[in-house]
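To start, the structure itself, in structure tokens.
Just so it is clear, none of the values below were taken in a lab; they were calculated from the coordinates. For clarity, every value in this text was computed on a predicted model and none was experimentally measured. We place every Cβ from the backbone using ideal geometry, glycine too, and count neighbours over all the protein chains shown.
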Amino acid sequence: MGEGALADAALPASLDARAAHVLREALAQADGHVVLEGEAVEFIGGAAFQTLLAARKTCLASDRTFAVRNASPAFLDQWRAMGGPEDVFETSTGAA
């Protein structure tokens, strides 16, 4: 991954508005691939969901990877309930 990559960054248990702000700041500085660890996530709020969608869109537009690795069951359920795209989850082979 490049110098500006955000690799293996662990997401907090609660992706609330405060966490969304911190996440938005970190993602704004990433100019490489973005791979987030989602195993601890128990709650995804609307602001964090929108932040993650925007980061995905930005990454896709510039041919960079955007992926969530090891998403918790709560992350998967809430992401899907909000209509989030499935292509953000890394498969067991390591491909996004």
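Taking Cα pairs under 8 Å and at least six residues apart, what relative contact order does the range 6-88 come out at, in percent? Let's see the in-between values first.
Working: 129 pairs, mean separation 28.0, N = 83.
Relative contact order for the range 6-88 comes out at 34 percent.
List every residue whose amide H lies under 5 Å from the amide H of residue 37, counting only residues 5 or more places away in sequence or on a different chain, with H placed 1.01 Å from N in the peptide plane.
When sequence neighbours closer than 5 places are left aside, the close amide H contacts are 9, 10, 11, 69.
Note the listed values [x] 1.00; [y] 1.13; [z] 0.92, then indicate which one is Rg/Rh (Cα atoms, Kirkwood Rh) calculated from this particular structure.
Correct label is [z].
Per-residue HN-Hα couplings for the range 12-23, Karplus 6.51 cos²θ - 1.76 cosθ + 1.60 at θ = phi - 60°, whole Hz, x for Gly and Pro?
x, 4, 10, 8, 8, 4, 5, 5, 4, 5, 5, 4
Residues in the range 56-78, backbone N under 12 Å from the label point at residue 37 (7 Å along the Cα-to-beta-carbon vector): list them, ranges by number please.
69-71, by backbone N distance to the label point.
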